[in-house]
Amino acid sequence: MNKIHNFLLAALIVMVNCTPPVVSQQIASGIIDSNSIYDNVEFEMPKVKETSFPDLAVNIKDFGAVSDGITKNTAAFAQAMENVSEQGGGMILVPRGMWLTGPIIFKSNVNLHLEAGALVLFSKDFDDYPLIETSFEVLNTVRCISPIYADGVENIAITGLGTIDGNGDAWRPVKRSKMTGAQWKSLLATGGLLNDKEDMWFPSESSLKGFQASSNFNVPDLIDPSELESVKDFLRPVLVSIKNSKRILLDGLTFQNSPAWNIHPLMSEDIIIRNLNVRNPWYSQNGDGLDLESCKNVLIYNNIFDVGDDAICFKSGKDQDGRDRGMPTENVVVKNNIVYHGHGGFVIGSEMSGGVRNVHISQCTFMGTDVGLRFKSTRGRGGVVENIYISAIDMINIPTDVINFNLFYGGNSPVLEADQSAENEARNEMLVPVDERTPAFRNIYMKNITATGSGVAANFQGLPEMNLQNVTLENSVLEANKGIIAVDTDGLILKNVKVIPTIGAALTLYNSKNVQVSAFDYKVQEGAAFWVSGALSHAIDMSQAGIKRKEDLKVSSDVKADAIRIN
């Protein structure tokens with residue numbers, strides 16, 4: 001009997017060990033798979049065209065690669081890429097080891113596969129990264145070529161259980177306010193230079209010069225383009241740049257320590273991003289996790305983000321450049337992602353001039369992100385964000401807003417840094433003519449949102465000339481220091497929402513119209529639970545809100561007598 005038992009146990013061990021690691025994880029945790037990813041999507045979602053490759057496989061060592069972390073393997077990666085491409089496609093295998101290299105430039109029909117324990121480490125030598133025309137901060141500009149670069153390719157993948165490290169600390173400037181005294185002292189000991197205020201460190205003179213030649217958003221616009229080579233070190237690349245491409249798979253890896261943004265698909269389609277661990281130091285400048293820009297037909301699921309800026313962010317170009325491009329980000333499903341540190345857990349904008357539409361996000365958990373669900377734009381941006389469906393999001397310890405719409409965004413971090421001021425994102429109630437430069441956010445549906453230990457339950461802020469339109473929040477529980485605030489909204493629906501603020505009202509409405517509040521549960525410490533103000537407020541239906549006491553509703557004198565329906 002013992003022999004039979006031992007045989008069965010040995011067979012079970014073999015079966016488990018032969019199961020692919022990702023599949024084992026799915027069996028253990030019930031996470032999203034390729035079949036269920038399309039379940040409950042509210043719009044007609046085209047099925048994403050998946051990658052497929054011939055059986056050919058080559059080993060990077062066959063092309064002279066050395067895994068000592070010292071020898072540059074740039075030529076070996078290039079030769080392997082050329083070899084596989086010439087044979088019609090296949091896999092480049094990177095075995096366990098530390099593989100130093102310069103940029104890896106993709107060709108079509110290639111799967112770069114990193115085995116468990118494989119570390120692809122990109123060179124600190126800036127001379128390895130020539131300047132190219134590209135897009136950064138969603139402006140047409142010039143930057144250093146990305147460590148992983150693909151342009152105009154089809155059917156490519158980066159897979160496996162290894163790690164890709166962009167050596168970003170060699171590139172990034174660092175603000176003193178983001179480090180402890182000991183960390184700052186250690187950083188200064190590595191060399192580099194300080195700015196005049198001595199509150200920002202730069203890795204080189206070229207990097208500092210580029211900063212001084214920039215008026216805004218990391219693009220050196222104060223010098224002639226012919227001088228860009230002199231500020232080359234400042235022109236930090238994103239770690240993974242994939243543009244003008246089709247059928248893309250990123251699966252299983254860790255992407256970390258990017259010079260600027262981590263993963264940046266641009267003007268591409270049929271993209272699957274799954275099972276990734278995306279990491280950046282919390283102090284990293286522009287250390288976004290994923291910036292999906294002007295892409296369509298995309299699946300993003302089972303990923304973990306812990307980054308220095310926005311985690312999962314959708315963009316579509318900025319101002320005139322974005323409007324001229326005219327390519328929205330559309331048809332995207334985001335499921336079962338975890339975000340730790342980040343300026344925002346899920347973000348749209350602020351560079352959304354080409355529009356964002358048809359997005360489903362569900363079953364995500366945000367822990368300690370500065371903002372949970374973040375929507376941002378500003379006057380002059382243009383673009384339409386519409387048909388966004390958000391459900392089953394759990395959040396804890398969000399220091400600012402659980403849900404935030406900011407149509408006056410000026411580039412500040414949600415938690416203001418030492419060199420930032422809230423004044424440049426203050427409301428301006430002066431009406432501005434509506435034209436192509438007016439951003440519009442509309443038809444946004446949220447349900448089953450849970451948040452505890454946070455700053456503000458929700459902040460819905462439209463523009464006076466273009467209100468935030470048709471936003472629904474239902475079946476949600478929000479515990480925060482402050483309740484829900486709605487300013488310049490049109491068509492806000494709050495249904496079966498519970499708000500537990502530490503101070504102040506559970507719901508504040510200002511210059512908002514066509515508001516419906518029903519089955520609204522609240523618990524306030526003192527004062528009114530509902531506060532309505534603004535001469536433009538009207539058509540507010542609170543007859544089904546569940547107001548417990550007359551004194552729970554406070555209305556300012558500028559609100560018209562018939563603006564609110566109570567019974």
(request) Quick one: grab the alpha carbon gyration tensor of segment 466-516, order the square roots of its eigenvalues as a ≥ b ≥ c, and give me rounded if a/c is under 1.5, else prolate or oblate depending on whether a/b is larger than b/c. (result) oblate
(message) Given a 1.4 angstrom probe, what's the average accessible area per residue across segment 249-367, in square angstrom?
(response) 20
(message) Run lengths n ≥ 4 of DSSP H only: what is the helix-derived mean residue ellipticity at 222 nm for the chain, with -39500 (n - 2.57) per run over all residues, to the nearest 500?
(response) -3000 deg cm²/dmol
(message) Projecting each Cα onto the charge dipole of the chain (Lys/Arg +1, Asp/Glu -1 at the beta carbon, about the Cα centre), which of M327, L507, M430 comes out farthest on the positive side?
(response) L507
(request) Counting only DSSP beta bridges with both residues in the chain, tell me the antiparallel percent, nearest 5. (result) 5
(request) Please name whichever of V555, H264, C295 sits farthest to the positive end of the charge dipole of the chain, dipole taken about the Cα centre and charges placed at Cβ: Lys and Arg +1, Asp and Glu -1. (result) V555
(message) Checking the a/c ratio against 1.5 first, then a/b against b/c, what shape does the Cα gyration tensor give for segment 406-532?
(response) oblate
(message) Please state the shape class of segment 312-469: rounded when a/c is under 1.5, otherwise prolate if a/b exceeds b/c and oblate if not, all from the C-alpha gyration tensor.
(response) oblate
(message) Within the chain, which is the longest segment that contains none of the GluC sites (Glu not before Pro) sitting in a DSSP loop with at most 12 other Cβ atoms within 10 Å?
(response) 199-416
(message) With unit charges on the beta carbons (Lys and Arg positive, Asp and Glu negative) and the dipole taken about the Cα centre of the chain, which residue among N567, V48, V240 sits farthest to the positive side?
(response) N567
(request) Keeping to pairs on different chains or 8 or more places apart, tell me how many lysine pairs in segment 34-174 have Cα atoms under 20 Å apart. (result) 4
(request) Please state the charge dipole magnitude for segment 75-182, taken about the Cα centre, from unit charges on C-beta atoms (+1 on K and R, -1 on D and E), reported in debye and rounded to the nearest 20. (result) 560
(request) Filter the trypsin sites (Lys or Arg not before Pro) in segment 518-551 down to the DSSP loop ones having no more than 16 other Cβ atoms within 10 Å, then list what survives. (result) K523, K548, R549
(request) Please state the charge dipole magnitude for segment 164-205, taken about the Cα centre, from unit charges on C-beta atoms (+1 on K and R, -1 on D and E), reported in debye and rounded to the nearest 20. (result) 180
(message) What do you get for trypsin sites (Lys or Arg not before Pro) in segment 180-283 restricted to DSSP loop and a cutoff of at most 14 other Cβ within 10 Å of the site's Cβ?
(response) K197
(message) How big is the dipole moment of segment 359-474 about its Cα centre under a simple scheme where the beta carbon of each Lys and Arg is +1, that of each Asp and Glu is -1, and everything else is neutral? Debye, nearest 20, please.
(response) 260
(message) Of all beta bridges DSSP finds with both residues in segment 112-229, what is the antiparallel percent, to the nearest 5?
(response) 65
(request) Sum up the charges of everything whose Cβ sits under 15 Å from the Cβ of S391, counting Lys and Arg as +1 and Asp and Glu as -1, but leave S391 out. (result) -1
(message) Give me a comma-separated list of calculated 3J(HN,Hα) values for segment 499-511, in order, Karplus coefficients 6.51, -1.76, 1.60 applied at θ = phi - 60°, integers in Hz, x for any Gly or Pro.
(response) 10, 10, x, 6, 9, x, 6, 6, 9, 10, 10, 9, 6
(message) Amide H of T472 versus every other amide H placed in the peptide plane: which residues, excluding those fewer than 5 positions away on the same chain, fall under 5 Å?
(response) I444, Y445, M446, I493
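The values are calculated or read from the model by the stated rules, or taken from the named source; none is laboratory data. All values reported here derive from a predicted model rather than from experimental measurement. As a convention, Cβ positions derive from the backbone with ideal geometry for all residues, glycine included, and neighbour counts pool all protein chains shown. Remember, those area values only see protein heavy atoms, side chains included, never the ligands or the DNA or RNA. Shrake-Rupley method; radii C 1.70, N 1.55, O 1.52, S 1.80 Å.
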